[in-house]
Amino acid sequence: MKKAIIIIILLSFCLPLSAQTIIDIDSSFYRQHQLNLQHQTLFRLDSTHALPIEQISNSGFRPFHELPTFDRFSRYATDVWLKFQLKNTSFRDTLSALFTAGGSYFTTLYVFDGQKMLSVAEASKLLPDNQRPFRFDGAYIPVSIPPQKIYTYYARINRFSLKNIIISPAIVSYEQEAQTKEQLLYNDRFALVFNYSFIAILLFLGVFTFVQYWLNRQPYILYYSLYLFSMAAFGIWGFEYSPYVSYFMKYCPFLLISLRQNFYVLLTQYCYFLFIGNFLLYTHSHPLITQTIRFLLRSIVVLIMIELGITLALGRYDWEVYLSIFTQVYLSVFGCVVLFFLYQIKTRLAFYIKIGSSFLLLGGIFGFLSSWLHWVPQSSALLEHYPNAFFNTCILLEILFFSMGLAYKSVEIINQKNNLEQAVSLSELNMLRLQINPHFLFNSLNSIKSYIVKNKTEEAAEYLTDFSMLIRSILQKSKEQVVTLQEELDTALLYTKLEQVRFQKKFDIVVELSPSIDTQAVMVPALILQPYIENAIKHGLANKPTKGTLSLLVIDSGEEIEIKIDDDGIGRKQAAELKYNSEGHRSMGLAINEERLILLNKIHNWHIRCHIVDKFDAENKPLGTTIILTLPK
């Protein structure tokens with residue numbers, strides 16, 4: 001009697017392990033579009049992750065309703081095997097449909113006809129569409145059953161979803177899958193646009209800043225570019241878990257499967273601390289924050305090595321979950337510490353980094369809490385990693401302020417460079433002025449010497465008086481870069497008078513001034529006219545056999561002033577032929593003045609122009625030269 005009771009108990013215990021109802025499918029399936037397999041499906045757990053199909057198919061299956069739930073940690077502990085049988089009751093139509101196991105990343109479906117395995121199909125949401133059994137969605141595997149055939153299916157499920165840990169086996173029609181996907185795309189349209197825009201902005205700014213680094217070679221621009229790229233990789237990693245999204249990670253499974261989200265978080269933070277550490281340059285003024293960031297950089301490198309060791313070397317993704325939680329807390333705490341130190345820096349440049357870093361910290365903390373506490377959607381049927389509105393918005397604001405900080409620093413660098421160039425140019429300009437004064441003095445003293453040699457003491461005394469007045473005027477303005485137009489004209493006319501006397505009044509002087517010009521208000525470079533007047537006299541009028549005329553015309557041209565120095569001498573071509581300076585002395589006035597004009601335009605952003613016109617008569621004989629000097633008012 002006791003033996004009979006024991007046998008009955010054992011049979012009652014073992015019966016659920018092997019009993020399974022064959023699921024009949026007929027033409028009504030195409031009207032229902034979906035068939036839930038949970039009630040007729042058995043399951044088995046494989047904690048070794050290595051049982052062959054031959055051993056799996058023998059025994060050990062239990063009813064589906066006894067399937068345990070899986071959380072964030074236990075989802076990596078075991079593979080789940082499902083077993084179900086389908087019969088096509090139709091006498092002529094072959095059943096064509098799709099099988100899905102629900103929220104899993106990898107599904108392998110084995111098909112048996114009696115004792116013979118017919119086919120094996122592997123599907124994954126993480127594969128590119130050209131490698132999937134059903135190219136439009138990696139969660140589905142096509143199934144086909146001929147009329148009056150019974151097929152036994154074994155489905156191996158591993159690497160469950162990070163967010164939606166649901167196993168829900170079902171047979172779905174192609175039409176139903178398309179309609180469902182269309183509805184899901186509509187439901188998630190805003191999330192898709194937001195995520196695509198978020199990633200597009202990051203990639204665009206990453207490329208833009210990298211080009212800026214290539215042009216400027218500033219390390220902080222490179223670190224900011226790497227930060228943007230790593231943040232984009234973080235977003236792409238989560239986005240590519242959707243079956244409808246493919247950037248590049250699906251074509252490189254190492255980036256999507258082997259490397260986890262925590263790796264991209266650590267990589268992003270490493271680039272971020274590199275950026276702010278190099279961007280603000282507070283090594284000497286704030287040594288404590290420098291030490292803190294150096295410590296953080298070293299600790300992040302250690303965390304990255306641990307992360308890679310756990311995932312790549314050991315394959316313990318359950319341990320990686322604990323490391324991910326620790327990383328979030330660790331970075332949040334030290335992020336607050338660094339932010340506290342940043343607020344001690346009282347500069348305009350640091351303002352942008354402080355505000356941007358505040359948004360980054362808030363985005364990380366609220367993004368983590370809102371996801372962990374389910375304040376916002378974690379996932380949908382279409383998007384495995386639903387975009388976190390708190391995090392993405394804060395990151396965009398952070399990028400806005402960081403970009404403003406980059407622009408501000410670029411302006412600072414440009415201003416510093418311009419100031420330095422201006423200082424260098426000013427020094428060069430002073431050196432040129434020092435060359436002009438001795439040059440002018442040399443010519444004037446030569447004139448005095450000429451009078452003394454010729455025993456013309458009275459003329460020499462008169463000449464010396466005018467010369468002393470000119471020297472005094474020059475010395476008074478020796479420290480000034482610009483003078484009034486009236487002062488410049490007085491100096492130029494005094495010099496011209498001296499030259500007229502020296503050349504025994506071989507030329508007349510004509511001066512015309514537009515009445516609309518306020519000569520006391522218009523500023524011009526000091527001694528800008530003298531070299532041109534000297535050149536007109538020395539090379540044009542001095543060699544003319546008859547008496548000439550030197551005209552100085554000051555014309556109002558609206559926004560500009562034109563000063564024309566006109567002579568009716570022998571012309572530049574004939575003067576060159578005479579080789580006036582062949583005795584060894586080389587006139588430097590015009591060459592120095594040309595360099596002065598270039599530097600003045602560069603320093604003061606002026607547009608001073610000098611144009612030389614050679615005059616000829618109808619027979620192409622030279623009539624002299626006109627120098628047109630255009631100055632801003």
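The values are calculated or read from the model by the stated rules, or taken from the named source; none is laboratory data. Bear in mind that the values here come from a model prediction, so they are computed numbers and not experimental data. Here the Cβ is made from the backbone with ideal geometry for all residues, glycine too, and neighbour counts use every protein chain on show. In case anyone asks, the SASA skips ligands and DNA or RNA and just uses the protein heavy atoms, side chains included. Shrake-Rupley method; radii C 1.70, N 1.55, O 1.52, S 1.80 Å.
Worth a mention:
- A 1.4 Å probe run over the protein chains yields, for the chain, 51 Å² of accessible area per residue, whole-number rounding.
- The stretch 461-527: C-alpha gyration tensor shape, a/c 1.5 cut-off, then a/b vs b/c: oblate
- Members of LYS454/LYS547; LYS449/LYS615; LYS505/LYS573 lying beyond 32 Å, as alpha-carbon distances in this model show: LYS449/LYS615
- Karplus 3J(HN,Hα) series, Hz, for the stretch 338-352 with 6.51 cos²θ - 1.76 cosθ + 1.60 (x for Gly, Pro): 5, 5, 4, 5, 4, 6, 7, 8, 9, 10, 5, 5, 5, 4, 5
- Taken about its Cα centre, the chain carries a charge dipole of roughly 1820 debye when the Cβ of each Lys and Arg holds +1 and the Cβ of each Asp and Glu holds -1.
- Most to least packed among 486-498, 406-418, 248-260 [average Cβ atoms within 10 Å]: 486-498, 248-260, 406-418
- Using the alpha carbons alone, the radius of gyration of the stretch 530-573 stands to its Kirkwood radius in an Rg to Rh ratio of 1.07.
- Selected from ASN415, PRO387, TYR196, residue furthest toward positive end of dipole (the chain; charges at beta carbon): PRO387
- For the stretch 537-555 versus the stretch 282-346, the gap between their alpha-carbon centres in whole angstrom: 80
- Kirkwood hydrodynamic radius of the chain, Cα pairs, Å: 33.1
- Between 0 and 90°, nearest 10: helix 389-453 axis offset from the chain longest Cα axis: 20
- Projecting the Cα atoms of GLN486, ALA521, GLN504 onto the dipole axis of the stretch 452-559, where Lys and Arg carry +1 and Asp and Glu carry -1 at the beta carbon, places GLN504 farthest toward the positive end.
- For the stretch 38-159, size of Cβ-based charge dipole, Lys and Arg +1, Asp and Glu -1, in debye: 100
- Inter-part distance, the stretch 75-99 to the stretch 374-409, computed on C-alpha centroids, equals 41 Å.
- Cross-link pairs exceeding 20 Å in C-alpha to C-alpha distance, out of LYS125/LYS149; LYS417/LYS602; LYS497/LYS621, comprise LYS125/LYS149; LYS497/LYS621.
- Helix axis angle, 589-604 relative to the chain longest principal axis, alpha carbon, degrees: 40
- With every protein chain in place, the stretch 40-79: carbon and sulfur % of accessible area (1.4 Å): 54
- Listed residue (LEU226, PHE64, VAL376) projecting farthest to the positive dipole end of the chain, Cβ model: PHE64
- LYS633/ILE509 FRET efficiency (R0 25 Å; Cβ-Cβ; nearest 0.05): 0.50
- Principal-axis tilt of helix 2-18 within the chain, Cα atoms, nearest 10 degrees: 30
- Bridging of LYS564 to aspartates and glutamates at a Cα separation below 15 Å is possible for GLU488, GLU512, GLU534, ASP556, ASP614, once same-chain residues fewer than 8 apart are set aside.
- Dipole magnitude of the stretch 454-532 about its Cα centre (Cβ charges: Lys, Arg +1; Asp, Glu -1), debye to nearest 20: 340
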